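Q: Please find one structure pasted underneath; my questions will follow.
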Amino acid sequence: ADFDAKKKRKVAEIYKALNSDPIDVATLRRMAISEGGLLTDEIRCKVWPKLLSVNTDDLPPLPAGKELREESKDYQQVLLDVRRSLRRFPPGMPDDQREGLQEELIDIILHVLKRNPQLHYYQGYHDIVVTFLLVVGDRLATALVEKLSTHHLRDFMDPTMDNTKHILNYLMPIIDQVNPEVHDFMQSAEVGTIFALSWLITWFGHVLSDFRHVVRLYDFFLACHPLMPIYFAAVIVLHREQEVLDCECDMASVHHLLSQIPQDLPYESLISKAGDLFVQFPPSELAKEAAQAAQAERTAASTFKDFELASVQQRPDTVLRQRFRDRLRGEERLRGEERTKSILTKPRTNRFVKLAVMGLTVALGAAALAVVKSALEWAPKFELQIFP
């Protein structure tokens with residue numbers, strides 16, 4: 001009963017903020033962050049536009065889908081992704097209703113891309129769009145997603161992944177501030193941050209199976225700084241401290257552990273922890289460490305390692321796998337191994353064992369980098385390999 005009373009008070013406070021003149025956005029932000037978030041989808045329809053300063057009185061009509069599809073260079077990829085998005089719809093939803101929503105989803109994505117040619121589609125974008133579609137319906141979703149894409153998601157929609165990687169580089173410095181032991185363990189395992197990529201670029205929509213948890217996080221992220229999702233990712237890793245430290249200290253094991261996100265996380269306490277960390281260690285203070293991480297990552301070793309993890313660990317396309325095999329046969333393998341010995345900066349005895357575990361035929365020689373380059377050119381987008 002106490003919880004209900006608290007909930008009623010919160011609803012009253014939200015409506016009061018909505019009805020004040022001017023609208024009390026600061027209170028709405030506080031409500032979205034505090035325990036339980038915005039509580040209902042009905043409230044989200046009213047508050048999400050305010051958090052993104054979208055004017056709901058003046059929504060543009062949606063254009064005809066047929067022309068959009070014929071003109072769009074992204075249509076085929078979007079279609080594939082949306083077809084694969086079955087589990088993002090509520091279980092038990094009738095097929096025809098779900099198929100109707102999937103058509104709307106395609107149109108919203110193509111519409112936003114058409115109006116903003118500077119934005120590039122990436123796999124996982126549809127996981128964000130479907131969340132908005134299910135909560136607020138197609139017209140409002142289009143306006144909110146467009147605003148979000150030109151602001152919060154802007155870095156993920158560049159032609160390259162450089163800015164996305166830069167955001168991922170904030171992860172380890174946050175962990176280091178809170179728990180140097182976990183940080184050092186992850187550094188020794190050389191796990192990198194690629195395990196958190198799908199979390200970040202879908203705002204966890206792709207990896208959490210319960211829709212209530214996803215929208216609760218969206219309340220939080222919409223009310224906060226665009227880097228908040230990376231703080232939340234750090235908090236999840238920190239929450240799993242014991243599991244991480246009990247893991248074998250090698251790349252494959254730690255990557256595997258971390259990429260399987262537990263579904264029973266204590267969301268409310270993690271959200272308030274992420275908020276606290278953001279206040280204690282704002283991005284401006286972590287920028288230097290993030291830049292150093294970027295510097296370290298520019299070595300051939302880590303770029304190739306990330307790419308390998310993405311493609312080897314998570315069911316790459318068979319075509320890509322075939323390319324790896326073809327390119328790595330013969331003398332290139334030997335040349336690669338020779339070259340590797342000169343590239344490795346940290347003398348680590350288990351380095352080669354580790355690479356063997358990853359199923360690599362060649363470490364980091366010129367051949368390997370050529371493979372990465374051709375694979376990247378071949379894949380419509382690097383993220384292709386990151387999603388199961």
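The values are calculated or read from the model by the stated rules, or taken from the named source; none is laboratory data. Nothing here was measured: the structure is a model prediction, and the numbers come from that model. When we count neighbours, we look across all protein chains shown, and the Cβ atoms used for this are built from the backbone with ideal geometry, even at glycine.
Q: Against the definition (more than 24 Å from the chain's Cα centre (by Cα), of a type in the set (A, V, I, L, M) and more than 27 Å from residue 103 (Cβ to Cβ)), how does residue 64 come out, yes or no?
A: When the stated conditions are applied, residue 64 does not pass them.
Q: Another question, then. How many residues are aromatic (Phe, Trp, Tyr) and either over 15 Å from residue 234 (Cβ atoms) or not assigned by the TED database to the domain that holds residue 270 (or both) when one looks only at segment 151-202?
A: 1
Q: So in segment 36-68, with the set limited to residues that are touching a Ser or Thr at 6+ places or on another chain (Cβ under 9 Å) and not charged (D, E, K, R), which one is surrounded by the most Cβ atoms within 10 Å (Cβ to Cβ)?
A: My answer is 49.
Q: Would you call residue 86 more than 24 Å from residue 213 (Cα to Cα) and among the aliphatic types (A, V, I, L, M)?
A: Considered against the rule, which asks whether it is more than 24 Å from residue 213 (Cα to Cα) and among the aliphatic types (A, V, I, L, M), residue 86 comes out as no.
Q: Right, another one. Conditions first: (1) crowded, with 18+ Cβ neighbours inside 10 Å; (2) charged (D, E, K, R); (3) not assigned by the TED database to the domain that holds residue 278. Residue 139 passes all but one, so which condition is the exception?
A: (1)
Q: Please state which of the following conditions residue 221 fails to meet, knowing it meets all the rest: (1) in contact (Cβ under 8 Å) with a residue 24 or more places away in the chain; (2) out of contact with any Pro (no Cβ under 9 Å at 6 or more places or on another chain).
A: Just one mismatch for residue 221, condition (2).
Residue by residue, here is whether (1) under 17 Å from residue 140 (Cα atoms); (2) touching a residue at least 24 places away in the same chain (Cβ under 8 Å) holds:
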| position | (1), (2) |
| --- | --- |
| 67 | no, no |
| 70 | no, no |
| 79 | no, yes |
| 82 | no, yes |
| 86 | no, no |
| 95 | no, no |
| 100 | yes, no |
| 103 | yes, yes |
| 110 | yes, yes |
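Q: Under 20 Å from residue 263 (Cβ atoms), among the β-branched types (Val, Ile, Thr) and crowded, with 21+ Cβ neighbours inside 10 Å: does that describe residue 214?
A: So residue 214 fits the description; yes.
Q: Looking at segment 120-149, I want the residues that are on the phi > 0 side of the Ramachandran plot and have a partner that is β-branched (Val, Ile, Thr) with Cβ atoms under 9 Å, at least 6 apart or on another chain. Which pairs are those?
A: Short answer, once both residue conditions are applied: 124/201; 124/202; 124/386.
Q: What residue, among those in segment 187-209 that are crowded, with 23+ Cβ neighbours inside 10 Å and over 12 Å from the mean Cα position of the chain (by Cα), is nearest to residue 133 (Cα to Cα)?
A: The selected residue is 192.
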